[in-house]
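A short worksheet on the structure shown next.
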Amino acid sequence: MSYIKPAELVTRMVDAGAYKIQMSTRDTLIRSFMGAAFLTIAAAFAVTVSTNTGQPLLGAILFPVGFVMLYLLGYDLLTGVFTLAPLAVLDKRPGATVGGVLRNWGLVFLGNFGGAFLVAVLMAIYFTYGFTTEPSAVGQAIAEIGHGRTVGYADHGAGGMLTLFIRGVLCNWMVSTGVVLAMISENVLGKIIAMWLPIMLFFYMGFEHSIVNMFLFPSGLLLGADFTIMDYLIWNEVPTVVGNLIGGLLFVGLPLYFTYGRTATRKVRTRRGTTTAKTHDTATRTMSPADESAVVPVSVGRAAEPANAR
């Protein structure tokens, strides 16, 4: 399986962020709608497995199938663009602006919510025979998740809100790591294995993912759970979105970018003492002065999608 070293990986991350910022409104909405639909069907699948077998770990092991499918098809999640899009602005890519980033985030949010809500309605129909019977055991489990992850946090007041926020941070630390690792191999099997690991971890640990929650909580309300839309927004979705943003950008995007995309000046020991060796700001490796003279600047436009812009 081919392996992409971290320095080259960062270049691919920036390329992907720049591409997503400049993508058309239509394509952004379609790709984000489908991305959320695939992910949330997998969430319903994982809850079904956990409920029917009594083995939550088995559900977590299988949940990443949705994440793998959506990223192999090039669809988008808000959690991923939280991490990638700002890097293009930091790297001063042509056309990458703060306004462009916010536009991308807003469109992906809308598309993701649409896809997740559609699956919530379809699954509610599935679990109740078209709302003609009480929810199945899996439907009841989903309703209980919605109740426990809203009212359950509210019962703890400020401590519950802090816990919710931290779970959102930890979630996108893992999920965005999965997004990045999808670019670390040119081989499909390599991509799948690399993505699978952090996604399985986040799901089993019960971290808060804003897109999965766009399915779980509307589903819970449709299935008769005892909480309100305001409970969902205040005691889950809004803090989770903020936590996801901070977790992905602060713990995944920025550390990789600043240590591999903008490598600091290094010290070199010589017989006469210690001197410094310049490191090219946007190169993918540490270069000698002779190497630097051969560097030809490359500007990335929007004519073609990067191979790993997922």
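Remarks
- Measuring nothing but alpha carbons in region 120-250 and taking Rh as the Kirkwood radius, the Rg to Rh ratio lands at 1.04.
- Cubic angstrom per residue, convex hull over Cα atoms of region 1-98: 119 Å³
- Each of ASP27, ASP76 was scored by other Cβ atoms within 10 Å of its Cβ. Listed from fewest to most, they are ASP27, ASP76.
- The HN-Hα couplings worked out from phi for region 225-242 by the Karplus form 6.51 cos²θ - 1.76 cosθ + 1.60 (θ = phi - 60°) are 5, 8, 8, 10, 4, 5, 4, 4, 5, 7, 9, 7, 4, 5, x, 5, 4, 5 Hz, whole numbers, x standing for Gly and Pro.
- Gap separating the Cα centres of region 65-137 and region 185-263, nearest whole Å: 10 Å
- Proxy reagent accessibility, fewest Cβ within 10 Å first, across HIS147, HIS156: HIS156, HIS147
- All distinct Cα pairs of region 6-266 go into the 1/r average, and the inverse of that average, the Kirkwood radius, is 18.5 Å.
- Stokes-Einstein D for region 197-249, Kirkwood Rh over Cα pairs, 25 °C, 0.890 mPa s (µm²/s): 206 µm²/s
- If you plug the beta carbon distance of LEU162 and ASP226 into 1/(1 + (r/R0)^6) with R0 = 25 Å, you get a FRET efficiency near 0.60.
- Here PHE67, PHE227, PHE251, PHE258 are placed in order of increasing Cβ neighbour count within 10 Å, fewest first, which gives PHE258, PHE251, PHE227, PHE67.
Every read-out reported here was derived from the displayed coordinates using simple, explicitly stated rules and does not represent laboratory data. Please read these numbers as outputs of a predicted model, since none were measured by experiment. In this analysis, Cβ positions are derived from the backbone assuming ideal geometry, glycine residues included, and neighbour counts consider all displayed protein chains.
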